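Undergrad: To start, I am sharing the structure in question, which I have written as structure tokens.
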Amino acid sequence: DEEFNDLCFEFGLELDEVTSEKDIISKEKGEEKAKGASDTVLYKIEVPANRYDLLCLEGLVRGLQVFKERINLPRYEKIIPAQGEGQRLIITEQTVHVRPHAVAAVLRNITFTKERYNSFIDLQEKLHQNICRKRALVAIGTHDLDTISGPFTYTAKAPSEIKFKPLNQSQEYTASQIMDLYRTDSHLRHYLHLIENKPLYPVIYDSNGVVLSMPPIINGDHTKISVNTRNVFIECTGTDITKAKIVLDIIVTMFSEYCEKPFSVEAAEVVYPNGKTHIYPELAYRKEKVKPELINKKIGISETPSSLAKLLTRMCLKSHVVGNGNSLEIEIPPTRADIIHACDIIEDAAIAYGYNNIQMTLPKTYTIANQLPLNKLTELLRLDLAAAGFTEALSFALCSQEDVADKLGMDISATKAVRIANPKTAEFQVARTTLLPGLLKTIAANRKMPLPLKLFEISDIVVKDPNTDVGARNYRHFCAVYYNKSPGFEIIHGLLDRVMQLLEVPPDEEKGYTIKATEGSAFFPGRCAEIFARGQSIGKLGVLHPDVITKFELTMPCSALEINIEPFV
């Protein structure tokens, strides 16, 4: 396991954990539920999102074997059948408004086993989830070619006109009934919305009117593949032709190794509504040129061109030196759709060289960063507030609408709060406009602690501001609360004086700070003051209103202070 873990790391992957079905179930649901589960060892391997060619065992093993230089990279070959003998997929113009694109290919004389078959189905599922964006961009259909006869037609019809027996069902349904049937299906219900509201549903027929599939929902039962299938017809329909080509390339390159002639794919012809034809899969190899010194410079190594070529070849990018050694010619195989720019090639060279083998060097430019003045002030204040006997709290930047408005006796529109468009929980609906609710919730969660509770927090609050480019602005606030059997207004007032002393702001109306009686919805009438520093209002302090205290599930009196510290930077 350790050796394999090291190999994965060298190859740029991560072996997440070594586990088994039994372990997984017992962790999630307890020992009882896990009794009958299998003990087979499972490797959970994390694959980067751009490497679609490593999403199945076949591709992963092939990649690692080439990396270890045990095998040479196979050459994928497209076999174009004689005129009139190949499979054809005819696209009609009705599909234009639903899913306009389709590509197809055939795997001839393939030999499946239980493991290979499961891997084949798994790969489709993984591709559906990532590059196909939950089937929105591409949907894959695989069919037993021997149960149908071409040419195939990809068209779109009214839901009531489509009738067939869906995969693993016992009777025929119309398309509308299929939608109702799968509305409760835990797996398929997530895809219904893709075509549900369209007037026409996409569907693929063979020459005898047998339904192959209704993409992106379900295949027909008639053409389902099994372990004994010998010839597989693969079609990918979608709204993005580039993604559809990549998906088709990945599936045929991964599983053509089990064909009678390994790594060969039989091409299929796709006929467009305008009469043009195209042969798929493209299986395009392309050549790129990169200068060796660029690779060395970007990674920070000094390898010879020939050893760089060798490194890249180990990463499935067959390379050789051209032009007196001043350039590398790299062949990008059809499995590597992620190679878009020279940087992608350089990254692979770095992986093959080994990140841990790159010498660490000091940067050529020597700079010392400066702390942001606002953060520096915050750090200094935090230290002295702790010395004053207050405990620092750290609360969430998001809270519910009630916390910042109703519970403090305000209307939500008056708070200028920034709302989250699609909150995951009721607790995280808006960005906080004051730090007070977070501290009161912290006290509520710590009511068992001995009194008095003295808490403070210095963090950002967010309010709407039409004058900024993002429509909102952050302010750094300082908030402190004192919770005891008596309100302790003098404690909080003393803390304000201490903070001002630290900030070197004297008690003076014009040049310093002063407090004036005021009213605040969250405060007890006659027990609230507004704080002014150098003539501008910076916040309030006072004894909290009993209604506020009970709404936050507290039982004792509480006094609070909240100011904006930005004017003092």
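Undergrad: Along the charge dipole of the stretch 1-46, which of Thr19, Leu7, Gly30 sits closest to the positive end, that is, farthest toward it, with unit charges on the beta carbon of Lys, Arg, Asp and Glu (+1, +1, -1, -1)?
TA: Gly30
Undergrad: Sort out for me the Cα centre separation of the stretch 382-419 from the stretch 335-379, rounded to whole Å.
TA: 37 Å
Undergrad: Taking each pair of different alpha-carbon atoms in the stretch 174-218 once, compute 1/r for the pair, average those values, and report the inverse of that mean as the Kirkwood hydrodynamic radius in Å to one decimal. Provide the component values of the computation, followed by the final result.
TA: On the way: mean 1/r = 0.0896 Å⁻¹.
For the stretch 174-218, inverting the mean 1/r across all distinct Cα pairs yields 11.2 Å.
Undergrad: Report, in listed order, any pair from Lys441/Lys464; Lys27/Lys224; Lys134/Lys224 with a Cα-Cα distance greater than 27 Å.
TA: Lys27/Lys224
Undergrad: Taking only protein heavy atoms into account and a 1.4 Å probe, give the accessible area per residue of the stretch 258-314 in Å².
TA: Counting only protein heavy atoms, the per-residue value for the stretch 258-314 is 54 Å².
Undergrad: Sum -39500 (n - 2.57) across every DSSP H segment of at least 4 residues in the chain, then divide by the residue count to get the 222 nm mean residue ellipticity, nearest 500.
TA: Details: 14 runs with 146 residues, N = 569.
Mean residue ellipticity, 222 nm, calculated: -7500 deg cm²/dmol.
Undergrad: Work out the length of the dipole vector of the stretch 324-386 about its Cα centre, built from +1 on the beta-carbon of each Lys and Arg and -1 on the beta-carbon of each Asp and Glu, and round it to the nearest 20 debye.
TA: Values: 4 positive and 8 negative charges, 87 e Å.
Around 420 debye, computed over the stretch 324-386.
Undergrad: Where a ≥ b ≥ c are the square roots of the eigenvalues of the C-alpha gyration tensor, would you call the stretch 82-141 rounded, which needs a/c under 1.5, or, failing that, prolate if a/b is larger than b/c, or oblate?
TA: Since a/c reaches 1.5 but b/c is at least a/b, the shape of the stretch 82-141 is classed as oblate.
Undergrad: Work through the residues other than Tyr353 whose Cβ is under 11 Å from its Cβ and net out their charges, Lys, Arg +1 and Asp, Glu -1.
TA: Cβ neighbours under 11 Å give a net charge of -2.
Undergrad: For the stretch 377-477, what does the alpha-carbon gyration tensor say about shape, rounded, prolate or oblate, given a ≥ b ≥ c as the root eigenvalues, a/c under 1.5 as rounded, and a/b over b/c as prolate?
TA: Details: a/c = 2.45, a/b = 1.43, b/c = 1.71.
Verdict is oblate for the stretch 377-477.
Undergrad: Cα atoms only: what Rg and Dmax, in Å, come out for the stretch 1-46?
TA: My reading of the Cα-based Rg and Dmax gives 12.9, 39 Å.
Undergrad: Sticking with this structure for a sec: May I ask which of Lys448/Lys485; Lys22/Lys243; Lys243/Lys287; Lys245/Lys287; Lys44/Lys114 have a Cα-Cα span longer than 25 Å here?
TA: Working: Lys448/Lys485 14 Å; Lys22/Lys243 37 Å; Lys243/Lys287 21 Å; Lys245/Lys287 19 Å; Lys44/Lys114 20 Å.
Check vs 25 Å cut-off fails for Lys22/Lys243.
Undergrad: To the nearest 10 degrees, how steeply does helix 342-353 sit against the main Cα axis of the chain, on a 0 to 90 scale?
TA: Rounded to the nearest ten degrees, it is 90.
Undergrad: Return one quarter of the surface area of the convex hull spanned by the alpha-carbon atoms of the stretch 243-297, equal to its mean projected area, in nm².
TA: Averaged projected area of the stretch 243-297's Cα convex hull equals 6.4 nm².
Undergrad: On a straight-distance basis, which lysines could pair with Lys297 in a cross-link, Cα separation under 17 angstrom, same-chain partners fewer than 8 positions away excluded?
TA: Result set, ordered by chain and number: Lys289, Lys364.
Undergrad: Related question: Give me the one-decimal Kirkwood hydrodynamic radius in Å for the stretch 130-210, with the sum taken over alpha-carbon pairs. Show your work: numbers first, answer last.
TA: On the way: mean 1/r = 0.0715 Å⁻¹.
With all distinct Cα pairs of the stretch 130-210 included, I get 14.0 Å.
Undergrad: Sorted by average packing, counted as other Cβ atoms within 10 angstrom per residue and highest first, what order do 489-495, 319-325 take?
TA: Going from most to least packed, we get 489-495, 319-325.
Undergrad: Right, next: For the stretch 487-569, just run the numbers: alpha carbon Rg, then divide by 2.2 N^0.38 Å, N being how many residues it has. Before the final figure, lay out the partial values.
TA: On the way: Rg = 13.3 Å, N = 83, 2.2 N^0.38 = 11.8 Å.
The reported ratio for this selection is 1.13.
Undergrad: At 1.4 Å probe size, with every protein chain present, just tell me what the per residue accessible area of the stretch 373-568 comes to in Å².
TA: Normalised by residue count, the accessible surface of the stretch 373-568 is 52 Å².
Undergrad: Please report the net charge: other residues with Cβ closer than 14 Å to the Cβ of Gln94, K and R +1, D and E -1.
TA: Every neighbour counted, the sum reads +1.
Undergrad: Report, in whole Å, the centroid distance computed from the Cα atoms of the stretch 69-114 and the stretch 1-38.
TA: 35 Å
Undergrad: Specify the inter-centroid distance of the stretch 39-64 and the stretch 498-569, based on alpha-carbon positions, in whole Å.
TA: About 59 Å separates the Cα centre of the stretch 39-64 from the one of the stretch 498-569.
Undergrad: When N counts the residues of the stretch 100-176, how does its alpha-carbon radius of gyration compare numerically with 2.2 N^0.38 Å, as a ratio?
TA: Compared with the compact-globule rule of thumb, the stretch 100-176 sits at 1.29.
Undergrad: Quick one: helix 305-314 against the long Cα principal axis of the chain, what's the angle to the nearest 10°, folded into 0 to 90?
TA: 80 degrees
Undergrad: Next question, about the same structure. With only alpha-carbon pairs counted, each pair once and no self-pairs, how large is the Kirkwood hydrodynamic radius of the chain in angstroms?
TA: Final number for the Kirkwood radius of the chain is 29.8 Å.
Undergrad: Any idea how far apart Glu303 and Asp338 come out in nm if each label point goes 7 Å out from Cα toward Cβ?
TA: 1.7 nm
Undergrad: Could you provide, to the nearest whole Å², the per residue accessible area of the stretch 1-46 with probe 1.4 Å?
TA: Here the residues of the stretch 1-46 average 76 Å² of exposed surface.
Undergrad: Ok, one more. Once the principal axes of the Cα atoms of the stretch 373-568 are found, what is the range along each, listed largest first in whole angstroms?
TA: 46, 44, 31
Undergrad: Treat each spin label as a single point 7 Å out from the Cα along the C-beta direction, and report the Glu196 to Glu427 distance in nm.
TA: Placing both labels 7 Å along Cα→Cβ, they lie 3.0 nm apart.
Undergrad: Would you work out the charge dipole size for the stretch 373-568 about its Cα centre, treating the Cβ of every Lys and Arg as +1 and the Cβ of every Asp and Glu as -1, and quote it to the nearest 20 debye? Display every interim value, and only then the final one.
TA: Numbers: 22 positive and 24 negative charges, 89 e Å.
Charge dipole of the stretch 373-568: 420 debye, to the nearest 20.
Undergrad: Under a point-charge model restricted to the Cβ atoms of Lys and Arg (+1) and Asp and Glu (-1), what is the dipole moment magnitude of the chain relative to its Cα centre, in debye to the nearest 20?
TA: 580 debye
Undergrad: Which of Tyr173, Ile538, Ala444 sits closest to the plus end of the dipole of the chain, meaning its Cα is farthest towards the positive end, when Lys and Arg get +1 and Asp and Glu get -1 on the C-beta?
TA: Tyr173
Undergrad: Within the chain, what whole-number % of the accessible surface is contributed by carbon and sulfur, with the 1.4 Å probe and all protein chains included in the calculation? Before the final figure, lay out each step's value.
TA: Values: 15120 of 29690 Å².
Exposed carbon and sulfur together represent 51 percent of the surface.
Undergrad: Hey, could you pull the Cα Rg and Dmax for the stretch 1-93, both in Å?
TA: 20.4, 62
The values are calculated or read from the model by the stated rules, or taken from the named source; none is laboratory data. All figures in this text were calculated on a predicted structure; none of them were measured in a lab. Cβ sites come from the backbone with ideal geometry, for glycine too, and all protein chains shown count toward neighbours. Calculation scope for accessible area: heavy atoms of the full protein, side chains included, ligands and nucleic acids excluded. Shrake-Rupley method; radii C 1.70, N 1.55, O 1.52, S 1.80 Å.
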